[in-house]
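A.B. asks: Below is one structure. I have some questions about it.
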Amino acid sequence: MSTENIRTYDVIVIGAGPVGENVADRTAAAGLSTVIVESELAGGECSYWACEPSKALLRPVLLRADAVHVPGIHPAVKEPLDIEAVLAHRDRMSADWKDDGQAEWIKSVGIDLLRGHGRLAGKREVSVETPDGGTIRLRARHAVAVCTGSRAALPPLPGIESLGPWTSRDATSARKPPGRLVVVGAGVVGVEMATAWQALGSRVTLLARGDGLLPRADTEAVPGVVFTDLEVASVGLTVREAEFTGRAVEVVDHEIGHLAGALQYRPDYRGKARILIDRDRQVVVGATFAGPGVGELLYSATVAITAEVPVDRLWHAVPAFPTISEVWLRLLETRRDS
């Protein structure tokens, strides 16, 4: 690469999605000159085609599912959802697929935003093809961070191209519900989109490979919530993962629907809580909750796991009554009594 007309920064970040923005924010906060290269919308998948639009579609669905089960409210929520209002809310939460706000934030924290397609062109060097057909050359004094994310892959099903298949982007940004929808795959995106579009009037069929829903690998202390009815929230190890890695764990289960706080939430509440305790270290190494509203339990579980809080100390964290978080005390009591 020629040395002329090269812009030099301490750090070059390719991709302005959640990872790229966070990397750039950290390097800029540390006093390093930073540029982000982005070929689409600053903010990336999470802001426009994943987290924000999907949760905007699901929130009214899950709220109605809760309300239907609460005495005195359910007659008011028998009518179908207002599809236009739900989709309009989805559009607002996705900023109408305009990244003005994200671009302004990037600028406000001292990061340069360069529009175009970046590619590695040498050691700590990047070539950027700009929308007007030009080329800009960048050089990093310290590092190039490649944060380009991923894209949806269509399964090799015979004739699938002729059906006009949706990817996850289409599923979260569609302008109206399809009459029929076949969802191929029962991971997080599949089950959430099946939940949303069925509630909005589509006839949905979910195709799952293997012996169950929500296959996961995700990791020692990375939390995740599946916003379906029922919600599924988990962090740390599952029993299967503990067995695979040879970890000796104690499994403690409790029915969330036995809690007074859960019955206040829904009189017919059903749900399960499970924690895994490392037998040697006596700390929680995994937690899974299934039930309405359990996503709010996940941060406490993440803190317990990442901080490696001894189980004996958890007895001193008193939950409020009546709340679903009372399940932590009940899990400890179940372990004690067993």
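A.B. asks: Quick one: grab the alpha carbon gyration tensor of the stretch 293-338, order the square roots of its eigenvalues as a ≥ b ≥ c, and give me rounded if a/c is under 1.5, else prolate or oblate depending on whether a/b is larger than b/c.
C.D. replies: Oblate, since a/c reaches 1.5 and b/c is not below a/b.
A.B. asks: Please give me, ordered by residue number, the trypsin sites (Lys or Arg not before Pro) of the stretch 91-168 that lie in loop per DSSP and have at most 13 other Cβ atoms within 10 Å.
C.D. replies: When the trypsin sites (Lys or Arg not before Pro) of the stretch 91-168 are filtered for loop state and at most 13 Cβ neighbours within 10 Å, Lys98, Lys123, Arg151 remain.
A.B. asks: Among residues other than Gly122 whose Cβ falls under 11 Å from its Cβ, what is the net charge (Lys/Arg +1, Asp/Glu -1)?
C.D. replies: In short, +4.
A.B. asks: Testing the spin-label approximation: label points 7 Å from Cα along Cα→Cβ at Glu243 and Thr323. State their distance in nm.
C.D. replies: Distance between the two pseudo-spin positions: 3.5 nm.
A.B. asks: Next up: For the stretch 90-154 and the stretch 287-320, compute the distance between their C-alpha centroids and round to whole Å.
C.D. replies: Here the two parts' Cα centres lie 38 Å apart.
A.B. asks: Okay, moving on. Using only alpha carbon positions, build the gyration tensor of the stretch 180-298, then give the equivalent ellipsoid semi-axes as the square roots of 5 times its eigenvalues, largest first, whole angstrom.
C.D. replies: Details: eigenvalues 152, 80, 21 Å².
Values for the stretch 180-298, descending: 28, 20, 10 Å.
A.B. asks: With a sphere of radius 10 Å drawn around the Cβ of Gly271, what net charge do the other residues whose Cβ falls strictly inside it have (Lys, Arg +1; Asp, Glu -1)?
C.D. replies: Around Gly271, the surrounding residues sum to +1.
A.B. asks: Can you pick out the pairs among Lys55/Lys272; Lys98/Lys176; Lys98/Lys123; Lys55/Lys78 whose Cα atoms lie more than 27 Å from each other?
C.D. replies: Lys98/Lys123
A.B. asks: Thinking of the stretch 30-141 as a set of Cα atoms, what percent of all their pairs are more than 17 Å apart?
C.D. replies: On the way: 4203 of 6216 pairs.
Percentage above 17 Å: 68.
A.B. asks: Moving on. Please work out the FRET efficiency for the pair Glu40 and Arg203, using the Cβ-Cβ distance as r and a Förster radius of 45 Å; give the result to the nearest 0.05.
C.D. replies: 0.90
A.B. asks: Starting from the Cα of Arg141, step 7 Å toward the Cβ, then list every residue of the stretch 29-44 with an amide N under 12 Å from that point.
C.D. replies: Within reach of a label on Arg141, which here means backbone N under 12 Å from a point 7 Å along Cα→Cβ, the stretch 29-44 contributes 31-34.
A.B. asks: Among (1) 23.6, 74; (2) 29.2, 102; (3) 20.4, 64, find the value of Rg and Dmax of the Cα atoms in Å that was calculated from the structure presented, and write down its label.
C.D. replies: Given (1) 23.6, 74; (2) 29.2, 102; (3) 20.4, 64, the structure-derived one carries the label (1).
A.B. asks: Could I ask something else about it? What FRET efficiency do you get for Trp105 and Asp10 if R0 is 22 Å and r is their Cβ-Cβ distance, rounded to the nearest 0.05? Don't skip to the answer; put the middle values down first.
C.D. replies: Working: r = 20 Å, r/R0 = 0.90.
Between Trp105 and Asp10 the formula returns 0.65.
A.B. asks: Further, regarding this structure: Which are the unpartnered cysteines of the chain, meaning those with no other cysteine Cβ under 4.7 Å from their Cβ?
C.D. replies: Cys147
A.B. asks: For labels at Arg270 and Arg169 in the simple 7 Å Cα→Cβ model, what's the distance in nm?
C.D. replies: Each label point is offset 7 Å from its Cα along the Cβ direction, giving 3.9 nm.
A.B. asks: Taking the simple approach of a point 7 Å from Cα along Cα-to-Cβ for both Asp253 and Ala85, what is their distance in nm?
C.D. replies: Label-label distance for Asp253 and Ala85, simple model: 4.0 nm.
A.B. asks: To continue, here is another question. Please calculate how many Å² of accessible area the chain carries per residue, with a 1.4 Å probe and no DNA, RNA or ligand atoms counted. Show your work: numbers first, answer last.
C.D. replies: Numbers: 18770 Å² over 338 residues.
Solvent-accessible surface per residue comes out at 56 Å².
A.B. asks: While we're here: For the chain, with all protein chains present and a 1.4 Å probe, just round the carbon and sulfur fraction of the accessible area to a whole percent.
C.D. replies: Details: 10130 of 18770 Å².
Of all accessible area on the chain, carbon and sulfur atoms account for 54 percent.
The values are calculated or read from the model by the stated rules, or taken from the named source; none is laboratory data. All of these numbers come straight from a predicted model, not from anything done at the bench. As a convention, Cβ positions derive from the backbone with ideal geometry for all residues, glycine included, and neighbour counts pool all protein chains shown. In case anyone asks, the SASA skips ligands and DNA or RNA and just uses the protein heavy atoms, side chains included. Shrake-Rupley method; radii C 1.70, N 1.55, O 1.52, S 1.80 Å.
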